[in-house]
Every structure is written in C-alpha cells, then in structure tokens.
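Engineer: Here it is: the structure, laid out below.
Only the coordinates and a few stated rules stand behind these numbers; no lab work does. The structure presented is a predicted model; accordingly, all values stated were derived computationally and were not measured. Glycine also receives a Cβ, built like all others from the backbone with ideal geometry; neighbour counts cover every protein chain displayed.
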Amino acid sequence: MKICPRCEQGVILEKVLKFNKQHIFICDECDAIWFDMKNISPTTFIDFSTYMEGFSRTDQWSEFEEE
Ligand SMILES: [Zn+2]
C-alpha cells in the first residue's frame, strides 16, 4: 500500500469514476487525487472536489465504480 505524500496518513486507492471511466488514485483521508501512479508526489495532486467541480459533479465516493 502507498501512503499519501500530501497528508502522510491516508492510503492511496485506485478507483474508476462511473461517469467518465477515468482511473484515478485517491487518498482515503484527504481526497487528494492523481492520474498517474508514477507521478504521485506532494506537488502533483489536485483535490477530488476541484476535479469534480469541473464536471459539475459532487465529490461523493459513490461516484466510483464498485470494486
Ligand atoms: Zn492524503
């Protein structure tokens, strides 16, 4: 498991968004997201809420496909 480099507490999980099938890597604590596993760093994240606002959607974890 990879620990989030932003909050240093959460675990990064791979998820797929239902509405656009985008694979993202998200911290289960602070909701920082990345799009590339190889590019996960404290300076390359964006907030899940910010990303979703761009699509006029909310930052609910129900937006992810079921495992
Ligand atoms: Zn985090």
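Engineer: Taking the conditions exactly as written (within 24 Å of GLU66 (Cβ to Cβ), more than 11 Å from the ligand (Cβ to nearest atom) and surrounded by 12 or more Cβ atoms within 10 Å (Cβ to Cβ)), does MET1 satisfy them or not?
Structural biologist: On the way: within 24 Å of GLU66 (Cβ to Cβ): yes; more than 11 Å from the ligand (Cβ to nearest atom): yes; surrounded by 12 or more Cβ atoms within 10 Å (Cβ to Cβ): no.
Here the answer is no, as MET1 does not meet what is asked.
Engineer: Assuming GLY10 fulfils every condition listed in (1) more than 7 Å from the ligand (Cβ to nearest atom); (2) surrounded by 14 or more Cβ atoms within 10 Å (Cβ to Cβ) apart from one, which condition is it?
Structural biologist: (1)
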